[in-house]
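Read the figures in this text as sums done on the coordinates, not as results from a lab. The model shown is predicted, which means the values in this text are computed figures rather than measured ones. Glycine gets a Cβ as well: all are built from the backbone with ideal geometry, and neighbour counts include every protein chain shown.
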Amino acid sequence: MEIAPFDDRDGFIWMDGKFVPWREAKIHVLNHGLHYASCVFEGERIYNGKIFKLTEHSARLRKSAELLGFSIPYSVEELDKATKETVVKQGVTDGYVRPFAWRGSEKMAISSQVSKIHVAIASWPWPPYYSDEARNKGLKLAIADWRRPAPDTAPTASKAAGLYMICTMSKHKAEAAGFNDALMLDYRGLVAEATGANIFFVIDGKLHTPTPDCFLNGITRLTVIELAKKAGIEVIERHIKPEEMAGATEAFLTGTAAELTPIGSIDKYNFTIGNITKRLLEGYNKLVRE
């Protein structure tokens, strides 16, 4: 199926407090967000017309901006309201929402305190991130060359656009080699996350997941941890060495885009789609559609 380019679609985008026709939602090429990565964003899923964990996402958008040194000129409540209005105006019942904020074009230099902060929200229908075949068999992951940076070298607790450059590079290389995605290690050589999703392993019947001390502590990640604890599954957050994957029987990714997706293999390590993964997948699918 041919996918329409994102600059040539019908509908409307909420931009700086008002709706503009989709094709007219434009910015100048000399904007600070494009040249200096002063941009933050969110990804949100819509299930049966309801945006999952909307307020948590709106709050994180504001927090991400603060970590990059600017303030979003809309409260969490205003962002929630605008996001809901965007989804209704677009008529999306199952899909995706992308709120984002960036520095404008008033000054083209590293220092740009005078730049206006812009905010936009777009929504569109969106199928599962990975193919049915990949999800049913379990994803096939390579190990990325690039590593997640240390928290004293980048604002790693923010969902900042600039942090995703190495993710795009890693995923492109993995896909070119026949993989679905890539596992990224952190600056210490420990297991971190995939290019756009957190990771979990089942080891000896317990759920193990890397401590998010240099990458995003995902909202879906937190949701799955809560589901696991309610189901009586012990959750252990800790530093995980790559070689420890040899002792894992199951593995899966979590994220707004990835939802909860089983992993079949990572490099030389193989996993099954076992009972814990199935239980959590069933619980997650039920929760988001309540």
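Taking amide hydrogens as modeled 1.01 Å from N in the peptide plane, which residues meet the under 5 Å criterion relative to ILE263, leaving out close sequence neighbours?
Residues meeting the amide H criterion: LEU139, ALA251, PHE252, LEU253.
Give the Debye-formula value of log10 I(q)/I(0) at each listed q (0.13, 0.19 Å⁻¹), with one equal scatterer per alpha carbon of region 57-198, two decimals each.
For region 57-198, the Cα-only Debye profile gives -0.77, -1.21.
What residues qualify as long-range amide H neighbours of TYR96, i.e. H under 5 Å apart, gap of 5 or more or another chain, H built at 1.01 Å from N?
Here the answer is ILE46, TRP124, TRP126, since their amide H atoms fall under 5 Å of that of TYR96.
Once the other residues with Cβ under 14 Å from the Cβ of ARG60 are scored (Lys, Arg +1; Asp, Glu -1), what is the net sum?
Details: positive: LYS53, ARG62, LYS63, ARG98, LYS159, ARG221; negative: GLU42, GLU44, GLU56, GLU66, ASP80.
Neighbourhood net charge equals +1.
Based on the Cα atoms of the chain, what semi-axes does the equivalent ellipsoid have, where each is the square root of 5 times one gyration tensor eigenvalue, given in whole Å with the largest first? Intermediate values should be presented prior to the final figure.
Values: eigenvalues 209, 97, 64 Å².
Result for the chain: semi-axes of 32, 22, 18 Å.
Run the quick spin-label model on ASN285 and MET108: label points 7 Å from Cα toward the beta carbon, then report their separation in nm to one decimal.
5.1
So what's Rg/Rh here for region 212-290, counting alpha carbon atoms and using the Kirkwood radius for Rh?
Across region 212-290, the Cα-based Rg/Rh ratio is 0.95.
Calculate, for ARG9 and THR211, the FRET efficiency according to 1/(1 + (r/R0)^6) with r their C-beta to C-beta distance and R0 41 Å; round to the nearest 0.05. Before the final figure, lay out each step's value.
Values: r = 40 Å, r/R0 = 0.97.
The formula returns an efficiency of 0.55 here.
Taking the 0 to 90 degree range and rounding to the nearest ten, how far is the long axis of helix 275-288 tilted relative to the main principal axis of the chain, both from C-alpha atoms?
Between the helix axis and the principal axis of the chain, the angle is about 30 degrees.
Can you pull out the trypsin sites (Lys or Arg not before Pro) in region 197-276 whose DSSP state is coil and whose Cβ has at most 11 other Cβ atoms within 10 Å?
Filter output for region 197-276: LYS268.
Taking the alpha-carbon distance from LYS171 and a cut-off under 23 Å, which lysines remain once sequence neighbours fewer than 8 residues away in the same chain are dropped?
Reachable lysines: LYS137, LYS140, LYS159, LYS241, LYS268.
Could you give the nm distance between label points at LEU30 and ALA176, where each point is 7 Å from its Cα heading toward the beta carbon?
Rounded to a tenth, the inter-label distance reads 3.4 nm.
Using 1/(1 + (r/R0)^6) with R0 = 51 angstrom and r between the beta carbons of THR249 and LYS18, what's the FRET efficiency to the nearest 0.05?
0.45
Can you give me the angle between helix 219-230 and the longest principal axis of the chain, using Cα atoms only, in degrees from 0 to 90, rounded to the nearest 10?
40
Long-range amide H contacts for CYS39: which residues qualify at under 5 Å (H placed 1.01 Å from N, peptide plane, sequence gap of 5 or more or a different chain)?
Long-range HN contacts for CYS39: ALA161, GLY162.
Which ³J(HN,Hα) values, rounded to whole Hz and listed in residue order, are derived for region 149-164 from phi using the Karplus coefficients 6.51, -1.76 and 1.60 in 6.51 cos²θ - 1.76 cosθ + 1.60 with θ = phi - 60°, glycine and proline given as x?
Listing the rounded values in order: x, 6, x, 9, 10, 7, x, 5, 7, 9, 9, 9, 4, x, 6, 9 Hz.
R0 = 22 Å: FRET efficiency of ARG238 with ASP267, Cβ-based, nearest 0.05?
On the way: r = 21 Å, r/R0 = 0.94.
For R0 = 22 Å, the calculated efficiency reads 0.60.
Can you pull the three principal axis extents for the Cα set of region 1-96, in Å, largest first?
Answer, in whole Å and largest first: 38, 31, 26 Å.
How much length, in nm to one decimal, is gained on full extension between ASN48 and GLU85, taken as 0.36 nm per residue of separation minus their Cα-Cα distance? All intermediate terms of the calculation are to be shown ahead of the outcome.
Details: separation 37, 0.36 × 37 = 13.32 nm, distance 1.51 nm.
Gain on extension, ASN48 to GLU85, equals 11.8 nm.
In the structure shown, do any of LYS81/LYS286; LYS173/LYS229; LYS89/LYS173; LYS173/LYS286 have a Cα-Cα gap over 32 Å, and if so which?
LYS173/LYS229; LYS89/LYS173; LYS173/LYS286
Regarding region 145-221, what's the average projected area of the Cα-atom convex hull, expressed in nm²?
Numbers: hull surface 22.6 nm².
Spelled out: convex hull of the Cα atoms, projected over all directions, averaged, 5.6 nm².
Just report the Cα centroid separation between region 1-67 and region 252-290, whole Å.
Cα centroid to Cα centroid, the span is 27 Å.
Show me the GluC sites (Glu not before Pro) within region 31-69 that DSSP assigns to loop and that have at most 15 other Cβ atoms within 10 Å of their Cβ.
Loop-located and lightly packed - none at all.
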